[in-house]
Amino acid sequence: MPDLLLELFSEEIPARMQAKAAEDLRRMVTDRLVAEGLIYEGAKAFATPRRLALTVHGIPARQSDLKEERKGPRVGGPEAAIAGFLKATGLASLDQATIQRDPKKGDFYVALIEKPGRATLDVLADMLPVIIRTFPWPKSMRWGARSAKPGALQWVRPLHAIVASFGLETEQPDVVNFAIDGIAAGHTTFGHRFMAPNPISVRRFEDYEAKLLDAKVVLDPERRKDTILTDARQLAFAQGFELVEDQGLLDEVAGLVEWPVVAMGSFEPEFLAIPAEVIRATIRNNMKCFVVSQPKTGKLINKFILTANIEASDGGKAIVEGNERVIRARLSDAKFFYQSDLKIKLEDRLPKFDKIVFHEKLGTQGDRIRRIERLAVEIAPLVGADVEKVKRAAHLAKADLLTEVVGEFPELQGLMGKYYALAQGEDAAVAAASEEHYKPQGPNDRVPTDAVSVAVALADKIDTLVGFWAIDEKPTGSKDPYALRRAALGAIRLLVENQHRINLTRLFDSHAQAFKAGGAKMKWAGREVRDSSVNLLSFLADRLKVQLREQGARHDLVDAVFALEGQDDLLMVVRRVDALGKFLDTEDGKNLLAGTKRAANILRIEEKKDSKAYDGAPNASLYSLAEEKALAKAIDQVKAEASAAIAKEDFAGAMSAIAKLRPAVDAFFDKVKVNDDNPQVRENRLKLLNQIRAATRAVADFSKIQD
Amino acid sequence: MDSLPPAHMRPERSFQGLILTLQRYWADYGCVILQPYDMEVGAGTFHPATTLRALGPKPWNAAYVQPSRRPKDGCYGENPNRLQHYYQFQVILKPSPPDIQDLYLKSLAAIGVDSHLHDIRFVEDDWESPTLGAWGLGWECWCDGMEVSQFTYFQQVAGVECAPVAGELTYGLERLAMYVQGVDRVYDLNFNGHDGAERVSYGDVFLQAEQEFSRHNFEYSDAEMLFKQFAMAEEACKKYLEAGWKSGSNRKEHLMALPAYDQCIKASHVFNLLDARGVISVTERQSYIMRVRELAKACGEAWVHTEAGGAA
């Protein structure tokens, strides 16, 4: 079956857009083909800085013919309906329609429409211009004289040529006949901008890829990456060094060249006095070059690796020299920034933060730093941190945001703060907190463990959460502009992974005082609490569920534990969930859950029926059956044992205690009829059922557990 | 060029030789070679030959050197590449010709940048000027890792859609000269291409100015006066715009877009001076930028109702 070759040749496409554009092209063309009934065998798309290319192989040469029956109006129906039917079906007169008998509703017309399949070449000629015109570039533009006209073609950068050919391997393929804004599809493309700029005539994919390679264009980005990586490793290795690998940079560099030529250059060793991260950011961000390290120590050496787009006439000498010159200038700038930063103490930068708005309703950055400082001091004893160190760390943690180096390389925030803090003689834990308090940034980021960092990191995240909750800027759906979900997950991980116990509502409530925005209060677990604090806690519970689900743990149990009042110590919640999960995996657990649910269901139905709650204590004198008495006795015993275990935070012990209920519950349901004819006995039995529910609530609300 | 220019005019030896070579190249292409605009501007784009002429349907090809002032970038002459006053070479081609990239590469060849010896790259850089209400897509042009030009297809200027689109090329002349002359410090550039006692360096011409203006921009500029000047320029711009509508034209014909735009340029530069002086807070900063943009947009609106900016 025939193949399609499509190439869209343009001026330089931004590197970051190429991979998605290739994938979009593949998806749009193949989706359209399938929608047209043309099932293909395979497709692959490619991108270079100057072209998007697509090969689709094994497409049928024609669509199959379609036969369709369309039901029309009834015989003798209104003229307008008949005229509409003829128009819609393309029949010349009713003679071409058949009549279908229907004794009940009356006879009606049926049109048999035969739609002969079109040649794929024609289908392509219709669909490709539409795809090109509706291509989803993140940003597109107009150009040239035609841009004055309405409806001018938009592309990521000016589009110059289109190759579109379709045909069998054994024959000369046809050009798909279409033109957009004066660019006619053909079989001509161009090679490397400098090394092979002449037109090339191509027919099919194999021939296209090979001819491009001759014309110094490596079509496949994976192959370009492979070349760059292999050559870069080799160059470093040959001199006894090691390439510092960087996938993001590799992807970008491969999108900047059609013919990668890797070379190594060097810079003055005295620049190595600048922190390694600053050197790397300078060379990476500004120059798109790799850095090189000493294999044994992992320390950077004064070398870098560049990727040029050309085999230069002097073997690349001028290119290396030129890059070295630029790197020298950039590193001089970086060194200058770094050294000027060192001249100003971190605390002396703080007054400027009062001029920077953090959020119009939440004050300045200066306000935020003061709030974090206060909160960190409140948290310090709860996580076993030295209060003075925490105070100092929180005071300085954000100061590097106004340094020159961070201004230039925002990704170095925190890290530079650490360097500057150490340079001005701060305590190591205080300095470390500058970097660590931003962590963890996501589910895979490392969680700080040093108590000083933990206190500041928690304060940073809780200040954000409480603040945005106070002004009612919560995440909705996919919108989370202030990254509050990430902050919540960070707080959870800091607490749970470091096994710190903090009653969060109390902390939220006290920190809410730091904001002007107040909020309504509510009763929660016997205390007066801001409803926003409880609401925020349930947001954390949701985040915890998401995290447990991602870890493959039972997330539904989180609800069962949170449904108990006063659960705002996340570490305890996680431990209860853990113990509960293990218990429910046992035979006893499963049966007790079933028994408890049965009790709860009966209660729910009867309470609804009678419009009253059976929550009083049962009357022992009304027990008539042995199973009733046994259950009552078991409940009393289990309650006492479970509470004692809970008091010791022995959740596994509490579960084993609860497990002892199981035989009594099973026997009760086996032998006892709850809805006794005697209303007093019935009420007493319902109260007993309620006692089961109450007893299990020592560990969780079983009704929230999914079966 | 037909014959080799004399040594002192060669771009790799002479800063002015580089400028003259570029002028010659674009003159040969058919551009009008303008002289710098006689006002302080932040970039060559501010010249009305770009900002205003980019608007409207009439073809326009021009090239010129524009001294550009970036008060904040002053380094008291101590930084080897950063200047508060430098030269841009600006080319504007409307509509953007189909071979504009080739034209640009040939201009590099004219000043001695051989594309078979050097690594020339077009690296994504979308351009936006919040003060001018302008944006476009294009690239930074790199030569061996150094950014030597900006290349932009204007999509919108002064809040008006460009129809047709103009192509703008901006050469950073000092950087380019440093590259072709092979010097690491801007002040070491040979300015006039002569040697020995005849030699004049970039430092001879500009070092003192860099020191003095840095002092002025950061420490001594009269903020109170500048605040007043900003307000005055803003008011004058609005006044001229209002007065410029030809009577009886029902706001269809404007007669004073250029003088109004001068006041917009003035306001923009005064704002840059105030910003460098550190007397504008972050929140105020945004509102000043918005105010200049409003002026620029109103000027653009007026310009498209003038002879040169209107329908062909």
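The values are calculated or read from the model by the stated rules, or taken from the named source; none is laboratory data. Just so it is clear, the structure is predicted and the values come from calculations on it, not from any experiment. Positions of Cβ are generated from backbone atoms using ideal geometry, with glycine treated the same way; all protein chains shown enter the neighbour counts.
Quick check on my filter: what residues within segment A:229-261 are within 14 Å of chain B (Cβ to nearest Cβ) and outside any helix (DSSP H, G or I)?
Answer for segment A:229-261, where residues must be within 14 Å of chain B (Cβ to nearest Cβ) and outside any helix (DSSP H, G or I): A:G255, A:L256, A:V257, A:E258, A:W259, A:P260, A:V261.
State which residue is surrounded by the fewest Cβ atoms within 10 Å (Cβ to Cβ) when the search covers only segment A:560-613 and only residues that are at pLDDT below 85 and of a type in the set (D, E).
That would be A:E565.
Which of (1) within 14 Å of chain A (Cβ to nearest Cβ); (2) within 22 Å of the chain's Cα centre (by Cα); (3) of a type in the set (A, V, I, L, M, F, W, C) does B:A158 not meet, given it meets every other one?
Result: B:A158 fails condition (1) only.
The rows are residues; the columns are (1) polar (S, T, N, Q); (2) in contact with a strand residue (DSSP E or B) (Cβ under 8 Å, 6 or more places away or on another chain); (3) at pLDDT below 95; (4) within 30 Å of A:A254 (Cβ to Cβ).
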{"position": "B:C75", "(1), (2), (3), (4)": "no, no, yes, no"}
{"position": "B:E78", "(1), (2), (3), (4)": "no, no, yes, no"}
{"position": "B:R82", "(1), (2), (3), (4)": "no, no, yes, no"}
{"position": "B:Y86", "(1), (2), (3), (4)": "no, yes, no, no"}
{"position": "B:Q90", "(1), (2), (3), (4)": "yes, yes, no, no"}
{"position": "B:D99", "(1), (2), (3), (4)": "no, no, no, yes"}
{"position": "B:L108", "(1), (2), (3), (4)": "no, yes, no, yes"}
{"position": "B:G112", "(1), (2), (3), (4)": "no, no, yes, no"}
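Is there a residue in segment B:120-130 that is touching a residue at least 60 places away in the same chain (Cβ under 8 Å), in the same structural domain as B:R24 (by TED's automatic domain parsing) and under 23 Å from B:L18 (Cβ atoms)?
Initial filter on segment B:120-130 (touching a residue at least 60 places away in the same chain (Cβ under 8 Å)): B:129-130.
Applying the additional criterion that residues be in the same structural domain as B:R24 (by TED's automatic domain parsing) yields B:129-130.
Among the residues that remain, those that are also under 23 Å from B:L18 (Cβ atoms) are: none.
No, because not a single residue in segment B:120-130 is touching a residue at least 60 places away in the same chain (Cβ under 8 Å), in the same structural domain as B:R24 (by TED's automatic domain parsing) and under 23 Å from B:L18 (Cβ atoms).
Which ones in segment B:226-258 are under 18 Å from B:R291 (Cα atoms) and free of Cβ contacts under 8 Å to residues at least 24 places away in the same chain?
B:K228, B:A231, B:M232, B:E235, B:K239, B:Y240, B:E242
Can you name the condition, by its number, that B:A63 falls short on among (1) of a type in the set (G, A, S); (2) away from chain A (no Cβ under 14 Å); (3) over 15 Å from B:Q150 (Cβ atoms)?
(3)
Could you grab me the full set of residues in segment A:22-62 that are under 28 Å from the mean Cα position of the chain (by Cα), over 22 Å from A:A184 (Cβ atoms) and assigned to a helix (DSSP H, G or I)?
A:A22, A:E23, A:D24, A:R26, A:R27, A:T30, A:D31
Quickly run through segment A:133-143 and pick out the residues that are part of a loop (DSSP other than H, G, I, E, B) and at the interface with chain B (Cβ under 7 Å from one of its Cβ atoms).
A:K139, A:R142, A:W143
Starting from residues that are more than 12 Å from chain A (Cβ to nearest Cβ), buried (at least 18 other Cβ atoms within 10 Å of the Cβ) and part of a loop (DSSP other than H, G, I, E, B), keep the ones in segment B:70-108 and report whichever is farthest from the chain's Cα centre (by Cα).
The selected residue is B:G77.
Which residues, counting only those in segment A:303-327, are more than 22 Å from A:E258 (Cβ to Cβ), within 8 Å of chain B (Cβ to nearest Cβ) and more than 38 Å from the chain's Cα centre (by Cα)?
Result: A:E321, A:R325.
Since A:E23 meets every condition but one in (1) in the same structural domain as A:F166 (by TED's automatic domain parsing); (2) surrounded by fewer than 15 Cβ atoms within 10 Å (Cβ to Cβ); (3) farther than 30 Å from A:R193 by Cα, which condition does it not meet?
Going through (1) in the same structural domain as A:F166 (by TED's automatic domain parsing); (2) surrounded by fewer than 15 Cβ atoms within 10 Å (Cβ to Cβ); (3) farther than 30 Å from A:R193 by Cα one by one, A:E23 breaks only (3).
When A:R193 is evaluated against the numbered criteria (1) surrounded by fewer than 15 Cβ atoms within 10 Å (Cβ to Cβ); (2) within 14 Å of chain B (Cβ to nearest Cβ), which criterion, by number, is the only one it fails?
(1)
Being assigned to a loop (DSSP other than H, G, I, E, B) and away from every other protein chain (no Cβ under 11 Å) is the filter; apply it to segment B:109-155 and report the residue that is surrounded by the most Cβ atoms within 10 Å (Cβ to Cβ).
Going through segment B:109-155, the residues assigned to a loop (DSSP other than H, G, I, E, B) turn out to be B:111-119, B:125-126, B:130-133, B:144-145.
From what's left, away from every other protein chain (no Cβ under 11 Å): B:111-112, B:130-133.
On the way: B:I111: 21, B:G112: 18, B:P130: 13, B:T131: 20, B:L132: 26, B:G133: 23.
Among residues in segment B:109-155 that are assigned to a loop (DSSP other than H, G, I, E, B) and away from every other protein chain (no Cβ under 11 Å), the one surrounded by the most Cβ atoms within 10 Å (Cβ to Cβ) is B:L132.
Within segment A:203-226, does at least one residue satisfy the condition of being buried (at least 16 other Cβ atoms within 10 Å of the Cβ), within 14 Å of another protein chain (Cβ to nearest Cβ) and more than 32 Å from the chain's Cα centre (by Cα)?
yes
From A:R146, A:R157, which residue is under 18 Å from B:D99 (Cα atoms), part of a helix (DSSP H, G or I) and within 14 Å of chain B (Cβ to nearest Cβ)? First the steps, then the outcome.
Working: A:R157 fails: part of a helix (DSSP H, G or I).
Among A:R146, A:R157, only A:R146 is under 18 Å from B:D99 (Cα atoms), part of a helix (DSSP H, G or I) and within 14 Å of chain B (Cβ to nearest Cβ).
Only one residue in B:A63, B:A54 is assigned by TED's automatic domain parsing to the domain that holds B:G159, within 30 Å of B:E210 (Cβ to Cβ), surrounded by 22 or more Cβ atoms within 10 Å (Cβ to Cβ) and not polar (S, T, N, Q). Which one? Talk me through it step by step, then tell me what you get.
Values: B:A54 fails: within 30 Å of B:E210 (Cβ to Cβ).
The match here is B:A63.
Step by step: first the residues of segment A:614-634, then only those that are among the acidic types (D, E) and farther than 20 Å from A:D701 by Cα, then the one that is surrounded by the most Cβ atoms within 10 Å (Cβ to Cβ). Which residue is that? Let's see the steps before the verdict.
Of the residues in segment A:614-634, the ones among the acidic types (D, E) are A:615, A:627-628.
Restricting the remaining residues to those that are farther than 20 Å from A:D701 by Cα gives A:627-628.
Numbers: A:E627: 18, A:E628: 22.
Only one residue tops the list, namely A:E628.
Here are some residues: A:K20, A:K71. Which one is modelled with pLDDT under 95 and among the basic types (K, R)? Let's see the steps before the verdict.
Numbers: A:K20 fails: modelled with pLDDT under 95.
Selected residue: A:K71, the only one of A:K20, A:K71 that is modelled with pLDDT under 95 and among the basic types (K, R).
Any idea which of B:R185, B:R215 is surrounded by fewer than 19 Cβ atoms within 10 Å (Cβ to Cβ), within 14 Å of chain A (Cβ to nearest Cβ) and at negative phi?
Details: B:R215 fails: within 14 Å of chain A (Cβ to nearest Cβ).
Criteria check complete, one pass: B:R185.
Mind checking which residues of segment A:228-251 are surrounded by fewer than 18 Cβ atoms within 10 Å (Cβ to Cβ) and within 19 Å of A:E311 (Cβ to Cβ)? Quick ask: steps written out before the conclusion?
Here is the first cut: in segment A:228-251, the ones surrounded by fewer than 18 Cβ atoms within 10 Å (Cβ to Cβ) are A:230, A:233-234, A:237-240, A:242, A:245-248, A:251.
Answer for segment A:228-251, where residues must be surrounded by fewer than 18 Cβ atoms within 10 Å (Cβ to Cβ) and within 19 Å of A:E311 (Cβ to Cβ): A:T230, A:Q234.
On the basis of being under 20 Å from B:G42 (Cα atoms) and modelled with pLDDT of 95 or more, does B:L207 make the cut? First the steps, then the outcome.
Values: under 20 Å from B:G42 (Cα atoms): yes; modelled with pLDDT of 95 or more: yes.
When the stated conditions are applied, B:L207 passes them.
For segment B:7-31, give me each residue that is assigned to a loop (DSSP other than H, G, I, E, B) and either surrounded by 15 or more Cβ atoms within 10 Å (Cβ to Cβ) or touching a helix residue (DSSP H, G or I) at 6+ places or on another chain (Cβ under 9 Å) (or both). Working first, answer last.
Going residue by residue through segment B:7-31, those that are assigned to a loop (DSSP other than H, G, I, E, B) are B:10-14, B:30-31.
B:R10, B:P11, B:E12, B:R13, B:S14, B:C31, listed by residue number.
Among the listed residues B:H216, B:H269, identify the single one that is in contact with a strand residue (DSSP E or B) (Cβ under 7 Å, 6 or more places away or on another chain) and either in a helix (DSSP H, G or I) or outside the structural domain of B:N81 (by TED's automatic domain parsing) (or both). Steps first, please.
Numbers: B:H216 fails: in contact with a strand residue (DSSP E or B) (Cβ under 7 Å, 6 or more places away or on another chain).
Answer to the selection: B:H269.
If you go through segment A:280-298 one residue at a time, how many are away from every other protein chain (no Cβ under 12 Å) and in contact with a strand residue (DSSP E or B) (Cβ under 6 Å, 6 or more places away or on another chain)?
Total satisfying the criteria: 7.
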